[in-house]
1. Across the stretch 239-248, which residue is farthest from ILE287 (Cα to Cα) among those that are of a type in the set (Gly, Ala, Ser) and surrounded by 22 or more Cβ atoms within 10 Å (Cβ to Cβ)?
2. Got a number for residues in the stretch 313-334 being open to solvent by 40 Å² or more (accessible area, probe 1.4 Å) and part of a strand (DSSP E or B)?
3. What single numbered condition from (1) β-branched (Val, Ile, Thr); (2) under 22 Å from ALA40 (Cβ atoms); (3) in a loop (DSSP other than H, G, I, E, B) fails to hold for THR306?
4. Hey, can you tell me all the residues within the stretch 239-254 that are more than 18 Å from SER406 (Cβ to Cβ), of a type outside the set (A, V, I, L, M) and assigned to a loop (DSSP other than H, G, I, E, B)?
5. Looking at the structure I just gave you, is GLU254 more than 11 Å from the chain's Cα centre (by Cα), at negative phi, open to solvent by 10 Å² or more (accessible area, probe 1.4 Å) and modelled with pLDDT of 95 or more?
6. Which condition number does HIS160 fail, the rest of (1) modelled with pLDDT under 95; (2) within 16 Å of ARG252 (Cα to Cα) being met?
7. Filtering the stretch 34-55 down to residues that are assigned to a helix (DSSP H, G or I) and over 27 Å from ASN6 (Cβ atoms), which residue is most open to solvent (accessible area, probe 1.4 Å)?
8. Among SER284, SER251, SER230, which is farther than 24 Å from GLU349 by Cβ and touching a residue at least 12 places away in the same chain (Cβ under 8 Å)?
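The values are calculated or read from the model by the stated rules, or taken from the named source; none is laboratory data. Remember, it's a predicted structure, so these values are computed and weren't measured experimentally. Glycine gets a Cβ as well: all are built from the backbone with ideal geometry, and neighbour counts include every protein chain shown. Quick note on the areas: whole protein, heavy atoms, side chains included, nothing else; ligands and nucleic acids left out. Shrake-Rupley method; radii C 1.70, N 1.55, O 1.52, S 1.80 Å.
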Amino acid sequence: MSLLQNINLWGDDIPYLSGLREKSLISFEKNGLPNPKTEAWRYSYFREEDLQNPQIDNEPVKCDGHCHNGDELPFDALQIKYCNGKLHINDWNAPKGVTIKSLIEAIYDGDIKSYLNKSFNADDFPFAALNGVYLEQGLFILIERGTVLEEPLYIKYHNHADKNRLCNIRNVIVAENRAKATIIEHFCAEERALYTQNTVNEIFVGSNAKLQHYVWQNEAKNAHHIALNSVQVKEGGNYAAFYANGVCGFSRHESYIRLLQEGAGAEVNGVYKLSEANQVCDISTNIRHLAPHTYSNQLVKGVAKTKAKGVFQGQIHIAPDAQQAEGHQLHRALLLDDNAEIDCKPELEVFADDVKCSHGASSGDLDREQIFYMQARGIGEDEARNILVDAYLNEVFALNENQDISEWIKAQF
């Protein structure tokens with residue numbers, strides 16, 4: 001079954017939406033899926049046969065919600081849920097100053113036209129182009145200017161094992177001037193589920209706004225997870241992202257961040273722990289400093305063993321007019337046995353002469369002397385290794401502003 005299928009989607013009668021789908025189709029047909037010669041995917045290229053004949057489900061959501069029963073968070077949050085790539089429509093009881101709509105509803109109402117498909121060029125992101133071909137499922141979240149959300153917005157994505165699906169989801173998140181909010185994305189699945197999750201988030205951070213974005217991804221061993229976070233930040237705004245990557249056959253988290261105006265900033269931190277044979281986890285970032293006095297920081301730390309593969313590709317681009325910009329990037333990894341693999345490609349593109357930039361990468365094994373020291377005090381080798389790995393990753397967890405969320409992820413990691 002081809003990835004491009006002639007199926008009926010909601011909103012086919014809306015010229016604006018049909019035009020967006022057609023534009024994405026042209027881009028996908030022109031560029032296709034990435035291959036080993038695609039530079040941005042050279043360490044984790046994706047073949048069409050890897051999708052294993054997925055089904056694109058255009059039927060209404062049929063889940064009775066049992067997969068979300070018992071969801072308990074150790075903090076208060078407004079909860080929004082997807083099942084098998086379909087949004088559960090209900091009364092979200094959004095707080096004052098926040099608008100939450102399904103993607104289709106926002107398109108019908110015209111609220112989303114200023115944002116949808118405006119943050120990236122589909123020719124540069126093949127899976128985002130594929131996502132656009134089936135543009136239907138997703139959310140529009142608007143945090144109005146000056147609104148400060150005390151509770152996070154928690155978005156949970158769950159997949160069952162009953163059908164091999166290609167789930168295309170597009171979320172548009174807008175934090176207007178001086179707004180402050182926290183978004184949590186939680187990806188999970190039944191153990192034997194086989195699917196491809198193809199998610200695109202278009203995120204717009206207004207002047208002096210602040211958006212924290214936490215992603216906890218722990219899915220199925222045979223699942224594929226591909227996500228693009230395309231972010232634009234205006235004057236004095238700040239976007240802070242944290243990725244925690246656990247179980248998944250193939251996962252790729254890509255951040256494309258444009259710091260558009262003076263004082264805009266971004267932080268992209270992440271951890272990964274890979275223990276399944278042939279598991280691949282790719283964290284790729286492209287942060288573009290397009291104005292003076294912009295700043296960015298990145299710290300990613302990972303652990304891999306048992307023929308698992310971790311990939312970090314990070315690019316910092318400083319435009320000619322972005323004087324006194326500051327960008328820092330660091331990736332560190334532990335390889336716990338000889339079969340694990342780490343590929344790292346840090347990049348700096350600097351076209352201004354008054355900047356502060358740094359990048360670095362390191363990899364190695366646990367310190368044998370530290371393990372011996374703990375064993376000498378009655379701690380078994382396996383427990384000693386686990387303690388050292390947790391301590392190693394805690395440096396990144398400690399950077400998160402919301403430690404309640406951080407501790408909740410860490411307890412499951």
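1. Looking at the filtered set, the residue picked out is GLY246.
2. The number of residues fulfilling the criteria is 4.
3. In the conditions (1) β-branched (Val, Ile, Thr); (2) under 22 Å from ALA40 (Cβ atoms); (3) in a loop (DSSP other than H, G, I, E, B), THR306 misses (2) alone.
4. Selection gives CYS248, GLY249.
5. Here the answer is no, as GLU254 does not meet what is asked.
6. (2)
7. GLU39
8. The match here is SER251.
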